[in-house]
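The values are calculated or read from the model by the stated rules, or taken from the named source; none is laboratory data. No experiment lies behind these values; they were computed from the predicted model shown. As a convention, Cβ positions derive from the backbone with ideal geometry for all residues, glycine included, and neighbour counts pool all protein chains shown. Heavy atoms of the whole protein, side chains included, go into the accessibility calculation; ligands, DNA and RNA do not. Shrake-Rupley method; radii C 1.70, N 1.55, O 1.52, S 1.80 Å.
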Amino acid sequence: MGLIGVKFGTFLTIIIILIAIYYRNFDDVLQKRLVAVLHGLEKLENRYEITDRPKVAIGYGICTDVSVRAKKLLRYNENVGNPMHFDEINTDIELYKSYAYYFRHGAAAERYMGNRILFDELVAKVRKISTSYSTIGGNAAVMALRFLKEGCDVILAAKMTKSLKQMMPQSIKIVGGEVERDDIHLILEYKSGEIWGPFKSSRANRYILHNDHNNPMISALEELDKVLPDFKPDLLVIGGLQMMDNFPFEDGVRSSRLMKVHKQMINQPKSTKIHFEMASFVEQSLLNELCNKVIPFADSLGMNEQEIGNLYNSLLYGNISLVTDSTPRVATILDQMRMLFKLIRVKGNKIDNSRELTRIHVHTLAYQAIFTVKNSSWKNTVAAAAKASLTAHRHVCGSQDVNLDKATLIMDDSFSTSAKSSGSRILLDENKPVSCWDETFNINNKRIFVEVCIAPVLVCTKASQTAGGGDNISSAGLVLQI
């Protein structure tokens, strides 16, 4: 028995040693792969230097982001019960149920809280938490800061208090005037694998709560109109329109404001490219208006994996998609991009003063996907995909340098170009990490040639922030393509 025990112990030791060697070798291979991908992305990012200063005008809005780890504010209790979706949040229990609904899917969400007293109480509670912090927020403002950082001349259309304006870089020209109270967004962050009651998050993300009163009115629009003719921007960015979701407008006011956005877009010369940045929409009627008054008049669209699913379902089936796969396969996103490209181009062909969609950028946790019409005014698609990818890691990790100890690849070693049988298989070349190819579309009796690029993301494994990620990524991708 003793001899058998010795032999078994020796055998077990050998197995443990072999397993240790296997994982050490595996870690070495993974590390070499990460190094190769990083060097490949950086080489592409640095291929083009911005020598002139592109002019970028951005609307609309700004806010103060008050951020905290969600579990510091929301303590799970048995009263939460079943997770539920609410278009608008008005009570504690609605907040808890809504948070659970998105947390369990690892999905980003942004909701309007109509109860201002409760909202102010929550903000006060968060500000008493020692680990909470405040930053400049809002789609337009965050994009403006990124464009400035990347070497652009920037105009931002937003109304804010004098104190918030003093926090903005003086080199950004701000139009819109002052208000007595800034809009505040509560950013409730959670990490990948985090546990909240019986629920576990599949990825790091955030739940945003707001009670905006300035931003839904896009009240800086008229001031932006006044300066655009003299500024002559290379790019006009439209964003922040999700603040109109569920806001208690008087009858016809929202449609009237959106019509002014529409007129602003069609009044721009063709030399000014127009980009519309999508966001989290829950009101079908608002999304319908955007599909009629805004989207057909943009040259470029930017969105994440949830927002493309939402727009896809809205255009194809006429309904809102509340939650989609938080880590969709490349083939799924590419098929959705193709369908959106066709639907929007066909729709635009029947609308006066519409623009032909020539660019779509979808940013996901695992990869960046960019469609660009060949021979259009957009350029440097390969470099743009690489820059967007690196910006994703840098922003979420909160560092200008990419630390490979905090990085991983979750994109597969190969991917299919379509979920249909016509799709082909593409291997991820770690030395040339951005995969690009050409596709041909037949739309409105016209052949259109599109360059498609996929760039893997070195996913940050120790997220310090997720809010503002999409805005930074979209801006970084655009700056090399203007």
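Here is how the numbers come out for the structure above:
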quantity: Residues satisfying the stated conditions in region 58-94, i.e. closer than 19 Å to Q242 by Cα and either assigned to a loop (DSSP other than H, G, I, E, B) or of a type in the set (G, A, S) (or both); calculated: G59, Y60, G61, I62, H85, F86, D87, N90
quantity: Condition broken by F341, with the remaining ones in (1) more than 16 Å from I448 (Cβ to Cβ); (2) at pLDDT 95 or above; (3) open to solvent by less than 30 Å² (accessible area, probe 1.4 Å) satisfied; calculated: (1)
quantity: All positions within region 41-69 that are modelled with pLDDT under 95 and basic (K, R); calculated: R47, R53
quantity: Tally, over region 227-244, of residues that are over 12 Å from L290 (Cβ atoms) and touching a His at 6+ places or on another chain (Cβ under 9 Å); calculated: 4
quantity: Exclusive hit being over 30 Å from T91 (Cβ atoms), polar (S, T, N, Q) and open to solvent by 30 Å² or more (accessible area, probe 1.4 Å), set N267, N214; calculated: N267
quantity: Set L228, L186, L235, L258: member being surrounded by 14 or more Cβ atoms within 10 Å (Cβ to Cβ), modelled with pLDDT of 95 or more and closer than 27 Å to V123 by Cα; calculated: L186
quantity: Residue among R116, R75, R146, R104 that is under 21 Å from the mean Cα position of the chain (by Cα), over 30 Å from Q400 (Cβ atoms) and not hydrophobic (A, V, I, L, M, F, W, C); calculated: R104
quantity: Close pairs from region 365-377: first on the phi < 0 side of the Ramachandran plot and at pLDDT below 95, partner in a strand (DSSP E or B) and not charged (D, E, K, R), Cβ under 8 Å, at least 6 apart; calculated: L365/V459
quantity: Complete set of residues in region 92-119 that are among the acidic types (D, E) and in contact (Cβ under 8 Å) with a residue 40 or more places away in the chain; calculated: E110
quantity: Condition check for L156: modelled with pLDDT of 95 or more, open to solvent by less than 30 Å² (accessible area, probe 1.4 Å), farther than 30 Å from K270 by Cβ and within 26 Å of the chain's Cα centre (by Cα); calculated: no
quantity: Of all residues in region 304-338 being open to solvent by less than 40 Å² (accessible area, probe 1.4 Å), among the polar types (S, T, N, Q) and within 17 Å of the chain's Cα centre (by Cα), the one that is nearest to S271 (Cα to Cα); calculated: N304
quantity: Any chance L357 is open to solvent by less than 10 Å² (accessible area, probe 1.4 Å), of a type outside the set (F, W, Y), in a loop (DSSP other than H, G, I, E, B) and farther than 15 Å from A455 by Cα; calculated: yes
quantity: Residues satisfying the stated conditions in region 124-134, i.e. polar (S, T, N, Q) and either open to solvent by less than 60 Å² (accessible area, probe 1.4 Å) or part of a loop (DSSP other than H, G, I, E, B) (or both); calculated: S130, T131, S132
quantity: Unique match (being surrounded by fewer than 19 Cβ atoms within 10 Å (Cβ to Cβ) and within 22 Å of the chain's Cα centre (by Cα)) among G151, G137; calculated: G151
quantity: Region 277-303 - residue that is under 13 Å from D471 (Cβ atoms) and either without any contact (Cβ under 8 Å) to a residue 12 or more places away in the chain or hydrophobic (A, V, I, L, M, F, W, C) (or both) and, of those, surrounded by the fewest Cβ atoms within 10 Å (Cβ to Cβ); calculated: A279
quantity: Checklist (1) closer than 16 Å to N246 by Cα; (2) under 18 Å from the mean Cα position of the chain (by Cα) applied to D212, failing item; calculated: (2)
quantity: Counted residues, region 420-473 - those being in a loop (DSSP other than H, G, I, E, B), open to solvent by 20 Å² or more (accessible area, probe 1.4 Å) and of a type in the set (S, T, N, Q); calculated: 9
quantity: Of residues in region 98-119 being open to solvent by 60 Å² or more (accessible area, probe 1.4 Å) and either more than 30 Å from N310 (Cα to Cα) or in contact with a Pro (Cβ under 7 Å, 6 or more places away or on another chain) (or both), the one modelled with the highest pLDDT; calculated: I117
